[in-house]
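*Asks:* Take this structure first; my questions come after.
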Amino acid sequence: FDSSVVGIFWALCTGGILVLPPRRIEQDIESLTKIIQKEKVSHSLMLPSLYQVLLNFAKPEKLQSLRAIMVAGEACSTILKDTHFRKLPTTRLYNEYGPTEASVWCIAHEILPEDTVVPIGRPIQNSTAYILDAQLNPVPAGIDGELYIGGAGVTKGYLNRPELTKERFLPDHLKGEGQMYKTGDLA
């Protein structure tokens, strides 16, 4: 459900027409390709693994309506990036990161052909991202830490789960207001 919010509002807020494919179409790449071609789909949000399969099996001429693809929900590989730009060089490709607790879409990166790695990106407007150590201090560039998300999209906590809320949602001491979400992801 959470990813559908991004897909639905991305289409509607940019003047697009929302195309809702049949359930489980991701299991039938030929049917997915036909819908993209028939409906002239211009923007799509997919798991990187699904998009890789689509690129591997669909003929590029059947995907020419695509102007922008956003991948999310899994790590985006450089293999996917290379395949994308080889087959659809004029289609923009974005990597998106965001847990449900931070209203899903909070970090994004437009992937470029020359990228040697695919980062999750930078915070979008009204979001913050911190890489912190165990004492909740920012780590220097190049040092691993845990990813925390802050900003307007962070939820208040878990319904009827006060212990988990207290563990995962902390005051945003770096911004001095609001709260941040402890993702559990290393960065």
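The values are calculated or read from the model by the stated rules, or taken from the named source; none is laboratory data. On a predicted model such as this, the values are computed, not experimentally measured, just so you know. Glycine gets a Cβ as well: all are built from the backbone with ideal geometry, and neighbour counts include every protein chain shown. Just so you know, the surface numbers come from the protein's heavy atoms only, side chains and all, with ligands and any DNA or RNA stripped out. Shrake-Rupley method; radii C 1.70, N 1.55, O 1.52, S 1.80 Å.
*Asks:* If you plug each phi of the range 40-49 into the Karplus form 6.51 cos²θ - 1.76 cosθ + 1.60 with θ = phi - 60°, what whole-Hz ³J(HN,Hα) values come out, in order, with x for Gly and Pro?
*Replies:* Each residue of the range 40-49 in turn: 6, 4, 9, 10, 8, 10, 9, 5, x, 5 Hz.
*Asks:* In Å and on Cα atoms, what radius of gyration and Dmax does the range 101-187 show?
*Replies:* 13.8, 47
*Asks:* So how far apart, in nm, are the two label points at Leu159 and Glu30 if each is 7 Å from Cα heading toward Cβ?
*Replies:* Inter-label distance under the simple model: 4.2 nm.
*Asks:* Then there's this: Under a 5 Å amide H to amide H cut-off, with H placed in plane at 1.01 Å, what residues pair with Val41 once short-range neighbours are removed?
*Replies:* none
*Asks:* Based on DSSP, what percent of beta bridges with both residues in the range 81-187 are antiparallel, to the nearest 5?
*Replies:* Percent antiparallel among DSSP bridges in the range 81-187 is about 100.
*Asks:* Now, a different point. Could you pull the accessible area for Lys59 with a 1.4 Å probe, rounded to 10 Å²?
*Replies:* Here the residue's solvent-accessible area equals roughly 120 Å².
*Asks:* Roll a 1.4 Å probe over the protein heavy atoms and report the accessible area of Arg24 in Å², nearest 10.
*Replies:* 130 Å²
*Asks:* If you take every DSSP beta bridge fully contained in the chain, what fraction is antiparallel? Give it as a percent rounded to 5.
*Replies:* 70 percent
*Asks:* Keeping all protein chains in place, calculate the accessible area per residue for the chain (probe 1.4 angstrom), answer in Å².
*Replies:* Per-residue value: 61 Å².
*Asks:* To continue, here is another question. Arg86 versus Asn56, label points 7 Å from Cα toward the beta carbon: distance in nm?
*Replies:* 1.3 nm
*Asks:* Please report how far the C-alpha centroid of the range 112-128 lies from that of the range 1-47, rounded to the nearest whole angstrom.
*Replies:* Going from one Cα centre to the other spans 23 Å.
*Asks:* Across the chain, how many lysine pairs separated by 8 or more positions, or lying on different chains, have Cα atoms within less than 27 Å?
*Replies:* Lysine pair count for the chain: 21.
*Asks:* When the accessible area of the range 2-80 is split by element with a 1.4 Å probe, what percent falls to carbon and sulfur?
*Replies:* Carbon plus sulfur share of accessible area: 57 percent.
*Asks:* Collect residues whose amide H, placed 1.01 Å from N in the peptide plane, falls under 5 Å from the amide H of Ala129; neighbours closer than 5 in sequence don't count.
*Replies:* Sorted by chain and number, the residues that satisfy this are Gly150.
*Asks:* Please list, in chain and number order, the residues 5+ apart from Met70 or on another chain whose amide H is under 5 Å from its amide H, with Hs placed from the backbone.
*Replies:* Answer set, sorted by chain and number: Ser44, Leu45, Met46, Tyr94.
*Asks:* Separate question: From the backbone phi of the range 21-28, what are the Karplus-calculated ³J(HN,Hα) couplings (6.51 cos²θ - 1.76 cosθ + 1.60, θ = phi - 60°) in whole Hz, Gly and Pro given as x?
*Replies:* x, x, 4, 6, 5, 5, 8, 9
*Asks:* Tabulate in residue order the Karplus-calculated ³J(HN,Hα) for the range 151-157, using 6.51 cos²θ - 1.76 cosθ + 1.60 with θ = phi - 60°, rounded to whole Hz; enter x for Gly and Pro.
*Replies:* x, 4, x, 6, 5, 6, x
*Asks:* In the range 83-124, what percent of the accessible surface is made up of carbon and sulfur (1.4 Å probe, ligands and nucleic acids excluded)?
*Replies:* It is 57 percent, rounded to a whole number.
*Asks:* If each residue of separation counts as 0.36 nm, what is the full-extension length gain between Thr100 and Asp133 once their alpha-carbon separation is subtracted?
*Replies:* Extra length available between Thr100 and Asp133 comes to 9.6 nm.
*Asks:* Restrict the search to the range 1-74; then list the GluC sites (Glu not before Pro) that DSSP places in a loop and that have at most 16 other Cβ atoms within 10 Å of their Cβ.
*Replies:* Loop-located and lightly packed - Glu39, Glu74.
*Asks:* Equivalent-ellipsoid semi-axes (√(5λ), Cα gyration tensor) for the range 98-137, whole Å, largest first?
*Replies:* 22, 15, 8
*Asks:* Turning to a different aspect of this structure: Let me know the volume per residue of the alpha-carbon convex hull for the chain, in Å³.
*Replies:* It is 132 Å³ per residue.
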